[in-house]
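The structure appears below as structure tokens.
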Amino acid sequence: MSRTVKPWLRLRQGLEHDYQVLTVREDKWADPRTNLEHPRVRVDCADWVNVIAVTTGDELVLVRQFRFGTGADTLEVPGGMVDEGEDPAVAAARELEEETGYVAGRVVPLGWVHPNPALQDNRCFSFLALDCVKAHAGQQDEGEDIAVELHPRADAPRLILEGRITHSLVVGAFFLERLRAEAKAP
């Protein structure tokens with residue numbers, strides 16, 4: 001049985017706390033069923049990109065970096081924030097080159113997802129970068145310490161299933177790639 005969900009009315013917008021890469025605030029909302037007031041946290045941040053980069057030798061260009069949320073390093077695809085006014089495909093090529101020194105022969109859009117619509121309104125765009133070649137050592141941003149790793153492209157499912165790649169947005173990027181490939185199959 002389908003039911004229409006009514007929109008919630010924002011009663012008050014809270015004070016914003018700026019943390020450079022995101023802002024956080026607590027707004028007050030009215031429940032449309034009961035009219036009771038509920039506080040809800042909102043996190044505003046730029047759109048993001050993830051890049052599944054594949055070399056001319058059919059290797060994945062992956063990055064290993066420390067993540068403060070888990071307090072451990074993770075194996076991921078290159079990615080980062082989309083600058084204001086920047087096209088996501090341009091951001092994908094830029095982030096790939098900055099983090100790894102690899103330049104893509106072509107960049108193919110795979111789709112986008114909302115990272116966490118309960119708290120955020122941004123999108124994470126995923127791209128497939130093909131025919132990547134090493135152009136230089138990379139130019140990491142201040143506060144980044146990234147190690148580049150090459151893995152056979154065929155190893156992606158194993159790396160995910162063995163828990164070596166655990167970042168949900170990276171897993172989502174590989175899923176979008178698989179869906180695109182299957183949609184084009186006869």
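The values are calculated or read from the model by the stated rules, or taken from the named source; none is laboratory data. Note that the structure is a prediction, hence the values are computed from the model and not measured. Reconstructed Cβ throughout: ideal geometry from the backbone, glycine too, with neighbour counts over all protein chains shown. Remember, those area values only see protein heavy atoms, side chains included, never the ligands or the DNA or RNA. Shrake-Rupley method; radii C 1.70, N 1.55, O 1.52, S 1.80 Å.
Among the residues that make up the stretch 120-133, is at least one of them at pLDDT below 95 and out of contact with any His (no Cβ under 6 Å at 6 or more places or on another chain)? Scanning the stretch 120-133, I find at least one residue that is at pLDDT below 95 and out of contact with any His (no Cβ under 6 Å at 6 or more places or on another chain), so the answer is yes.
Residue count for the stretch 85-117 under the criterion of being over 16 Å from the mean Cα position of the chain (by Cα), farther than 13 Å from L130 by Cα and exposed (fewer than 13 other Cβ atoms within 10 Å of the Cβ): the result is 1.
Of the residues V77, V103, the single one that is under 16 Å from E144 (Cα atoms) and either hydrophobic (A, V, I, L, M, F, W, C) or touching a Phe, Trp or Tyr at 6+ places or on another chain (Cβ under 9 Å) (or both) is V77.
Considering the stretch 1-120, the qualifying strands (runs of 3 or more DSSP E), each wholly inside and each with 1 or more residues that are touching a Lys or Arg at 6+ places or on another chain (Cβ under 7 Å), run over 9-12, 22-30, 37-45, 48-55, 59-67, 72-76, 106-113. Scanning the stretch 118-148 for residues that are open to solvent by less than 30 Å² (accessible area, probe 1.4 Å) and β-branched (V, I, T) turns up just one, I146.
In the stretch 10-36, the residue that is nearest to E84 (Cα to Cα) out of those that are touching a Phe, Trp or Tyr at 6+ places or on another chain (Cβ under 7 Å) and open to solvent by 50 Å² or more (accessible area, probe 1.4 Å) is R10. Among the residues of the stretch 1-44, those that are within 30 Å of the chain's Cα centre (by Cα), of a type in the set (S, T, N, Q) and on the phi < 0 side of the Ramachandran plot comprise Q13, T23. If you go through the stretch 56-107 and pick out every residue that is small (G, A, S), farther than 16 Å from H167 by Cα and touching a residue at least 24 places away in the same chain (Cβ under 8 Å), you end up with 7. The residues of the stretch 130-186 that are in contact with a helix residue (DSSP H, G or I) (Cβ under 7 Å, 6 or more places away or on another chain) and of a type in the set (V, I, T), listed by number, are I146, V148, I160, I165, V171.
Here R33, R40 are screened, and the one residue that is at pLDDT below 95 and of a type in the set (K, R) is R33.
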